[in-house]
Amino acid sequence: MKTLINGYRERYYISRADLANAAETNRLHALVVSPILFVFGFGDLIFLFAFYHDSLREHLVSFIYFGVFTLFSFIAFIYSRWSQKLTREKAYIHKTIPFYMLFSTGIAAGVYNFYILGQPFNGVVTYCLTGFTALLAFSFSPFYYTLFLSIGFCFLAKGVYLNFGLSGLLDTIVAVLLMFCFALYKRRTEKKYIMLLKKQKKSLVAKTFGNFTLLYENTVIKFSRSKSPELLAYLIYKNGSSVQTKELLSVLYGDHADSERYGASLRNLIVDVKHTLADLEIQKFFIAEYNNFRINPEVIRCDYYDFLAGDPDAIKQFAGEFMSQYSWAEQTTGFLEMKALKK
């Protein structure tokens, strides 16, 4: 058993710090999925009440199901918004909790369709679609993913056998095994890719003490637009947190920047950053998802990050200047000075 556990950890285990970037993607996906599920659940509650308000007891199970469905979707959305500002050490667990809430809701929807609505085929399809959709959109532990799948399968197994016979049950078992294998393959691929990005980290360096400079293989990265370095500088300062367009416009063009007027300029900056990094074959550093932008701190060396981690050399290097060419960095300079004095 110990050999099996060690083998699993060696091939599939990824530290929470290395998964912090994937957790942010989980959070953003949950922010999109949860409102859709909330509208669906709340709409069904209204429908049930409108057509069956005279016979609530007969449809009590449906009311409870859609009530829980709606509540879980709402909590997943609120939790995803709240977890945005968490430190990277706590990010993976908290930013992935909404996924498990939504995933369990999808599994429950399959069971509900199968038994309560009396639609066995739709129930199995909903169950399988939930599993495969999760594989496509989210990052998660294969163990917990399989645990949720297994619980759902235990509820469905008897009904599948009675409605579809032995061949139907075997088909469902094969589908579950395939999802489990894909989950392991996905986690293994994630681990290999993270190891590859860590090699890139040796070449990509951000210097923030004094003026901001971004280097790749000991050469300063040159962009076509003058504000492109400032865009990346601000995202590096945000340390992996997602930043929306409105905030970037305010930082780069002033508090009263008009999104209609400056939106095109920001889009040009984003294109410039993407093309410049792509030409240098720098991967998974600048990330744009759902009108949110961030950098992945796990693929870059940065004196600012080393300072926050308490590295003595980084603390000695700080001489009272932080991204000096940018006015928005002045407040952080004071914070770093206070932190340096406490060391």
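Express the Stokes-Einstein translational diffusion coefficient of segment 204-343 in µm² s⁻¹, to the nearest whole number, given a Kirkwood radius over alpha-carbon pairs, 4 °C and a viscosity of 1.567 mPa s.
Answer, rounded: 83 µm²/s.
Based solely on its DSSP helices, what 222 nm [θ] is calculated for the chain when runs of n ≥ 4 H residues each add -39,500 (n - 2.57) and the sum is averaged over all residues, nearest 500 deg cm²/dmol?
After summing the helix terms and dividing by residue count, I get -24000 deg cm²/dmol.
In terms of modelled amide H atoms, which long-range or inter-chain residues lie less than 5 Å from the amide H of residue 86?
For residue 86, no residues qualify.
Rounded, prolate or oblate: pick one for segment 138-270, where a ≥ b ≥ c are the square roots of the eigenvalues of its C-alpha gyration tensor, a/c under 1.5 means rounded, and failing that, prolate if a/b is larger than b/c, else oblate.
Here segment 138-270 falls in the prolate category.
Rank-order 148-158, 6-16 by packing density, defined as the average count of other C-beta atoms within 10 Å over each peptide's residues, highest first.
Taking the mean over residues of other Cβ atoms within 10 Å, the ranking is 148-158, 6-16.
Under the Karplus relation 6.51 cos²θ - 1.76 cosθ + 1.60, θ = phi - 60°, what is the ordered set of whole-Hz ³J(HN,Hα) values for segment 309-323, x standing for Gly and Pro?
Per residue, the Karplus-derived 3J(HN,Hα) values read 7, x, 5, x, 5, 5, 5, 5, 5, 6, 10, x, 10, 9, 6 Hz.
Of 123, 155, 45, which is farthest towards the positive pole of the chain's charge dipole, taken about the Cα centre with +1 and -1 on the beta-carbons of Lys, Arg and Asp, Glu respectively?
155
By a straight-distance test (C-alpha under 27 Å), which lysines pair with residue 95 as possible cross-link partners, with residues fewer than eight away in the same chain excluded?
85, 186, 191, 192, 198, 199, 201, 238, 246, 274, 284
Between the helical axis of 330-342 and the dominant principal axis of the chain, each derived from Cα atoms, what acute angle in degrees is found, rounded to the nearest 10?
Relative to the chain, helix 330-342 is tipped by roughly 90 degrees.
Give the average over all directions of the projected area of the C-alpha convex hull of segment 159-204, one decimal, in nm².
For the Cα atoms of segment 159-204, the hull's average projected area reads 3.7 nm².
Helix 2-12 versus the longest principal axis of the chain: what is the Cα-based angle in degrees, 0 to 90, to the nearest 10?
60
Give the relative contact order (percent, whole number) for segment 1-94; include only Cα pairs under 8 Å separated by 6+ residues.
Reported relative contact order: 48 percent.
First check a/c for segment 1-124, with a ≥ b ≥ c the square roots of the eigenvalues of its C-alpha gyration tensor; if it is under 1.5, answer rounded, and if not, answer prolate when a/b is larger than b/c or oblate otherwise.
Oblate shape, in that a/c is at least 1.5 and b/c is the bigger or equal ratio.
Dipole magnitude of segment 1-118 about its Cα centre, charges +1 at Lys/Arg Cβ and -1 at Asp/Glu Cβ only, in debye to the nearest 20?
With Lys and Arg at +1 and Asp and Glu at -1, about 640 debye.
From the phi angles alone, apply the Karplus equation (6.51, -1.76, 1.60; θ = phi - 60°) to segment 106-115 and give each ³J(HN,Hα) in whole Hz, x where the residue is Gly or Pro.
Listing the rounded values in order: x, 4, 4, 4, x, 5, 4, 4, 5, 9 Hz.
Taking the Cα centroid of segment 275-299 and of segment 304-339, what is the distance between the two, rounded to the nearest whole Å?
23
Please determine, in degrees from 0 to 90 and to the nearest 10, the orientation of helix 60-82 with respect to the longest principal axis defined by the Cα atoms of the chain, where the helix direction is its Cα long axis.
Orientation of helix 60-82: about 10 degrees from the principal axis.
What size of dipole, in debye to the nearest 20, comes out for segment 289-336 about its Cα centre when the only charges are +1 on Lys and Arg C-beta atoms and -1 on Asp and Glu C-beta atoms?
It comes to approximately 60 debye.
For residue 166 and residue 75, calculate 0.36 nm times their separation in residues minus their Cα-Cα distance, and state this gained length in nm to one decimal.
Here the answer is 28.9 nm.
What does the C-alpha gyration tensor say about the overall shape of segment 213-266? Classify as rounded when a/c is under 1.5, otherwise prolate if a/b is larger than b/c, or oblate. If you can, show how the numbers build up before the last one.
Details: a/c = 3.05, a/b = 1.66, b/c = 1.84.
Oblate.
Below 8 Å between Cα atoms, with a sequence gap of 6+, how large is the relative contact order for the chain in percent?
16
For segment 127-199, what is the charge dipole size about the Cα centre, in debye to the nearest 20, if Lys and Arg each add +1 at the Cβ and Asp and Glu each add -1 at the Cβ? All intermediate terms of the calculation are to be shown ahead of the outcome.
Details: 8 positive and 2 negative charges, 109 e Å.
With only Lys, Arg, Asp and Glu charged at Cβ, the dipole is about 520 debye.
Have a look at 254, 106, 67 and tell me which one the Gaussian network model of the chain (Cα, springs below 10 Å) gives the largest fluctuation.
Result: 254 has the largest fluctuation of those listed.
Radius of gyration and Dmax for segment 236-276's Cα atoms, expressed in Å?
10.7, 29
Per residue, how much accessible area does segment 58-131 show when a 1.4 Å probe rolls over the protein heavy atoms, in square angstrom?
48
Could you compute how fast the chain diffuses translationally, taking Rh as the Kirkwood radius over C-alpha pairs and applying Stokes-Einstein at 10 °C with viscosity 1.306 mPa s? Give it in µm² per second.
69
Could you calculate the FRET efficiency of residue 319 with residue 218 from 1/(1 + (r/R0)^6), where r is the beta carbon distance between them and R0 is 30 Å, rounded to 0.05?
So the FRET efficiency works out to roughly 0.85.
Taking the Cα centroid of segment 186-244 and of segment 46-84, what is the distance between the two, rounded to the nearest whole Å?
One Cα centre to the other: 43 Å.
Would you rank 124, 160, 61 by solvent-accessible area, highest first, keeping every protein chain in place and using a 1.4 Å probe?
61, 124, 160
As I understand it, the dipole of segment 196-301 uses +1 on the Cβ of Lys and Arg and -1 on the Cβ of Asp and Glu, about the Cα centre. Which of 208, 235, 290 lies farthest toward its positive end?
My answer, from the dipole projection, is 208.
At a 1.4 Å probe, what is the % contribution of carbon and sulfur to the accessible area of the chain?
Numbers: 11610 of 19190 Å².
C and S atoms contribute 61 percent here.
The values are calculated or read from the model by the stated rules, or taken from the named source; none is laboratory data. Keep in mind it's a predicted model, so treat the numbers as computed, not measured. Heads up, the Cβs are rebuilt from the backbone with ideal geometry, glycines too, and the neighbour counts pull from every protein chain shown. Side chains are part of the model used for accessible areas, which takes the heavy atoms of the whole protein and leaves out ligands, DNA and RNA. Shrake-Rupley method; radii C 1.70, N 1.55, O 1.52, S 1.80 Å.
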